[in-house]
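Notes for the one structure printed next.
The values are calculated or read from the model by the stated rules, or taken from the named source; none is laboratory data. This one's a predicted model, so the numbers in the text were calculated from it and none came from an experiment. Cβ placement follows ideal geometry from the backbone for every residue including glycine, while neighbour counts extend to all protein chains displayed. Just so you know, the surface numbers come from the protein's heavy atoms only, side chains and all, with ligands and any DNA or RNA stripped out. Shrake-Rupley method; radii C 1.70, N 1.55, O 1.52, S 1.80 Å.
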Amino acid sequence: MPKNSVDLIFDVGEKIAVFETTDGLDSLLQSVVDIVAKHMGSSVCSIYLYDSDRSRVVMAATHGLRQEAVGTVTLSLNEGVTGRALKELRPIKESTRSKHRLFKFVEGIDEDKYHSILAVPILRGLTRVGVLVIQDEDSDHFDDTDVQALRAIAAQLAQVIDDTRALLDLRDTSEETVPESVEHEDLRFLKGKPVSVGVAVGKAEIIASSEFDVLTAPADDDESSVEVFDRALLETRDQLKALQTHLDEQMADVASFIFGAHLLILQDQAFVGQMRELVEKGYSAERAVTNVVNDFIHIFSQHKNPRIAEKVQDVKDIGHRLMQNIQQRDLAHSGDYQGQIIIAEELMPSDFVKLATQKVEGVVILSGGGSTAHIAILARSLQVPLIFLDNYHLLEIPDGTEILMDAHQGTVFVEPDETVLANYQPMLKASKNLEEIAETINPETRTRDGERVFLLSNINLLSDVKVAIQLKAEGVGLYRSEFPFIVRNDFPSEEEQYRIYRRIVQGMEGKEVILRTLDVGGDKMLPYSTHAHETNPFLGLRAIRFTLKNPQIFSQQLRAMLRAGYEAPIHIMFPFISSVDDYIEARGCVRESIEELKRERIECCTTPKIGCMIELPAAVEVLPELAEVADFLCIGTNDLIQYLLAVDRTNERVSHLYIAHHPAVLRALKRIAEVKDRVDLSVCGDMAADQELIPFLLGIGIRKLSVDPRSIAVVQKVVQKTSIAEAEKIADTLLGFGLVKEVEDFLKACPTGNCNSESR
Ligand code: PEP
Ligand code: MG
C-alpha cells in the first residue's frame, strides 16, 4: 500500500484540532492509530503512554494487534524497541534481519509475524509522554521519510495527550488513568535491595510517616461496660510490662525502657480518663477507645516536634492492644506483629528493635534515608529479613494484603499466587538452625596447606555473643559499642555500659575481645544528640573526633570498658583515627581513666591492649608510625573503601562506584599488610567475609578475619579450599591490574571455591 505522509499529517492534525477532552483520550488515540496505519500502509500502529510513577509504558491504543492488549501490555524502558526508544529519547527503526536486535515479542497478541518496527518517542520538551509504534510483516518496510512523518505526528500528539491527562487527573484524582489490572499486575513483583537475608510470608501492615490509619470500632459493639474497659486496661498494662521484662532479660543492651512510651501513655489521665468518661456516659468500650485513640493519633501526627509526632505508632499499638483485650481476641503474648510484614516509609532503630521483639516476620523499608546503615546491621543481628525498596505504591496496598518477601534476592511478591507460595515452601520451612551450621564448623581454621587463620566475630548486640560462641568464633574482633547509644533515648550511664561490656567479656569465656569506642556521627546519628546539624557528617565530628571533643562521655565509656576487663583479656580500639597524634591523645585518655580507677580503688584492667582501626587513607600514609605505637591494628574496609574512593557508602546513587575490588583499594590493602610482622593485624570490614576476595587477603598476608558470626561457616570453607601459595599468586596477579574491569574479569574466571592455581 502506498504511503502518504502529507495526508497523514493533515488528517491527524484535523482530528486533534476538533478533539475535546469530553470525547475521551482513548477514542482520539484509536482514531490516530487507525489513520496512521492507513496512510503508512503498515499492518500495525499502536500508541503506548508513559507512566512516570512506574517508569513503564502501557499500550493505550492499537490498530492491528489484539484489542485485549490495550491497557494490559506494559513494558519497562529497557524492554523492546518501544521501551528503548522512549528511554533513549530517539526514534528506533529495526528489522528482524538486523544484527542488533532489540525485539521483544509480547506473547498472546500475535506480534511475532511482524518483522519490521519503527518506534518514535512522543515527547513534550524532554518530558516523556509515550511512544508511537508502527509494525509490518515486510522486513524492511520503513525508511527515513517515515521517521520524519511519525516525528511530526508525535509532536502534534504530545501536547494534546499531556494536557488531557493532566485535566483528567485534576477532575478525578482518585481514578487511575491506567486500568487497574495493569497497576495490580505491576505491583505483584517488586525488586529491591536485599539487606538482611531470609524468606518471610505475612500480612502487610503499612507504616507511612505522613499517614495514619485510624481505628474503626465494630458495628455490634454495644455490650461492653466500665468493667470490660478496666479489665482490658489492666491486661494491656500487664502485657506491656511483661514484654519489657522479657526484653530487659534478652536484650539488655538496646532495649532499655523501649516500651516506656507505651506505658506512660497508658497512665496518662487525658488518654485513659477520657476513655473511661465516655464509657461511663454509655459509650461502648470499643467506641470510647476508638474515639480517643483517633483523637490522639490526630494530635500527635500534627505535632511540630518530630519526637512527639513519631509516637503515633505507639498510640496505634496501644489502641490495637486495648481493642484486642476488650474483644478478648486471642492476643499472642509473644507480640503484635507475628504473621505480619511491615512496610514502612522510614524506621528508627528503636522501632526496629520493638518490631523484632514483637516477632515481626519481615520488614520492607521504602526510603533510602534515615539510619539505614544501622537498621541493616540490627536486622542482621536480630535475624529479621529486610529489603530496601523504592516504590511508594507499596504504601497504597491495603493492610492485610498477603506479602511474600525473599530477602536473599530482594524480591517482594504482593498477593503471591499458589505457584509462587509452593516454590517458596521449602525455604519458608527451613529453620535458621544454628546447631546444624555449628556442626559443620571446625574449632580451628587452616588453609589447604595447613596455615593457621583466625576467625573472629563482629558483635553488634549482646545477643550476638551467644551466636558467636555457638558458631565457634575465636574471639570478638570488633564490638560496635554504639548500638546501645543509638537505639536508646539517652546516653547509657557508666554502670549500664559496664554491665553490657562485662556480659560480652564473660560470654566470650576468656577469648580475645576487642571493644571499639563510640563510633557515632556520619550515618550513625544519636537521636538525642544536640549537636549542630552538619552539612557533611561523614567528614564531620565522627567517632574518635566526637569522643575527644566530649571527654565526659569518653571517660565514662573507657571506665566502663576497663572495669569490664577486670581479669579478662580486653582490647580497646579507636575508630576513625587519621593521625598518630589522634591515637596518642586517645591512648592518653585510656591511661588517665586507668589512673582514676586505681585512685578510686575500683577493680579494672590496668594493662589493656590498645589499638585502632585503619579505615582512613590518612592512616594508611602514617601506618609505620601507627604500627610502632599501637598494640594492634584492624582494617575497616567499609570505611576505607568509602574514603579512598570518595563514595558515600549509604548513597544509592553512587553505590555502583563503591567497589571493594577497585585496584586502589587492593593496593592500599597490600601496603597496610606490609606491617603484619610488626603488629597484630586483622580485617573486620565486610571484605573479610567476601568469598571472592578472601584469597587476596590471605595472599597479602592477612591471617585474622573478623566477620558476622553467621558468616563464619562460609568463610572457613573458603579458607580451607585455598592454599597460601595460590593465594599469593592470586594477590600478585590482582595487584598488577590497573583497571577495575581487569580485576572483575579475573575474578569472574575463577569462581569462589575453585581457587587453585591451575584453574586460573
Ligand atoms: C569498617 O568501616 O569497615 C568497620 C568495620 O566499621 P563500621 O562498619 O562500623 O563503620
Ligand atoms: Mg568504620
- [ ] Residues being open to solvent by 10 Å² or more (accessible area, probe 1.4 Å) and in contact with a strand residue (DSSP E or B) (Cβ under 8 Å, 6 or more places away or on another chain): count how many of those fall in the range 687-697.
- [x] 1
Open item on the list: Show me the helices (runs of 4 or more DSSP H) entirely contained within the range 630-716 in which 1 or more residues are touching a Lys or Arg at 6+ places or on another chain (Cβ under 6 Å) and under 24 Å from Leu515 (Cβ atoms).
Closed with: 637-645
Open item on the list: Please determine whether any residue of the range 698-715 is in contact with a His (Cβ under 9 Å, 6 or more places away or on another chain), surrounded by fewer than 22 Cβ atoms within 10 Å (Cβ to Cβ) and modelled with pLDDT of 95 or more.
Closed with: no
Task: Filtered residues of the range 188-227 (kept if under 24 Å from Lys359 (Cα atoms) and modelled with pLDDT under 80) - done: Ile207, Ala208, Ser209, Glu211, Phe212, Asp213, Val214, Leu215
TODO: Check Leu526, Leu541 and return the single one that is within 16 Å of ligand 1 (Cβ to nearest atom), surrounded by fewer than 21 Cβ atoms within 10 Å (Cβ to Cβ), under 28 Å from Ser457 (Cβ atoms) and within 35 Å of the chain's Cα centre (by Cα).
DONE: Leu526
Open item on the list: Just to check your reading of the model, which residue among Ser555, Ser655 is in contact (Cβ under 8 Å) with a residue 40 or more places away in the chain, away from ligand 2 (no atom under 16 Å from the Cβ) and of a type in the set (Ser, Thr, Tyr)?
Closed with: Ser555
- [ ] Kindly establish whether Ile514 is within 16 Å of ligand 1 (Cβ to nearest atom) and assigned to a helix (DSSP H, G or I).
- [x] no
TODO: Please work out which residue is nearest to Val254 (Cα to Cα), limiting yourself to the range 467-478 and to residues that are open to solvent by 10 Å² or more (accessible area, probe 1.4 Å) and in a helix (DSSP H, G or I).
DONE: Val467
Task: Flag if Leu669 is aliphatic (A, V, I, L, M), crowded, with 22+ Cβ neighbours inside 10 Å and more than 16 Å from ligand 2 (Cβ to nearest atom) - done: no
TODO: Among what's in the range 570-584 and is more than 16 Å from ligand 1 (Cβ to nearest atom) and of a type outside the set (Asp, Glu), pick the residue that is most open to solvent (accessible area, probe 1.4 Å).
DONE: Ile584
Open item on the list: I'd like to know if the range 303-314 contains one or more residues that are touching a helix residue (DSSP H, G or I) at 6+ places or on another chain (Cβ under 7 Å), modelled with pLDDT of 80 or more and more than 17 Å from Asp399 (Cα to Cα).
Closed with: no
TODO: Could you look through the range 643-663, keep only residues that are at pLDDT 95 or above and within 16 Å of ligand 1 (Cβ to nearest atom), and pick out the one that is farthest from Ser682 (Cα to Cα)?
DONE: Ala646
- [ ] Name, by its number, the condition in (1) modelled with pLDDT of 95 or more; (2) part of a loop (DSSP other than H, G, I, E, B); (3) aliphatic (A, V, I, L, M) that does not hold for Leu461.
- [x] (1)
- [ ] Please work out if Ile577 is aliphatic (A, V, I, L, M), within 16 Å of ligand 2 (Cβ to nearest atom) and assigned to a loop (DSSP other than H, G, I, E, B).
- [x] yes
TODO: Identify, by number, the condition in (1) closer than 23 Å to Phe737 by Cβ; (2) away from ligand 1 (no atom under 16 Å from the Cβ) that Ile635 doesn't meet.
DONE: (2)
TODO: Only residues that are farther than 20 Å from Gly565 by Cβ and surrounded by fewer than 18 Cβ atoms within 10 Å (Cβ to Cβ): list them for the range 585-619, please.
DONE: Glu585, Pro617, Ala618
Open item on the list: Could you tell me how many of the residues in the range 479-511 are in a helix (DSSP H, G or I) and within 16 Å of ligand 2 (Cβ to nearest atom)?
Closed with: 3
TODO: Could you pull out the residue among Ala627, Ala560, Ala618 that is in contact with a Lys or Arg (Cβ under 8 Å, 6 or more places away or on another chain) and either within 16 Å of ligand 2 (Cβ to nearest atom) or in a helix (DSSP H, G or I) (or both)?
DONE: Ala627
TODO: Could you grab me the full set of residues in the range 610-627 that are more than 13 Å from ligand 1 (Cβ to nearest atom), closer than 19 Å to Leu539 by Cβ and aliphatic (A, V, I, L, M)?
DONE: Ala618, Val620, Val622
TODO: Go through the range 720-729 and count every residue that is crowded, with 22+ Cβ neighbours inside 10 Å and either of a type in the set (Val, Ile, Thr) or outside any helix (DSSP H, G or I) (or both).
DONE: 1
TODO: Return yes or no: is Gly80 surrounded by fewer than 22 Cβ atoms within 10 Å (Cβ to Cβ) and modelled with pLDDT of 85 or more?
DONE: no
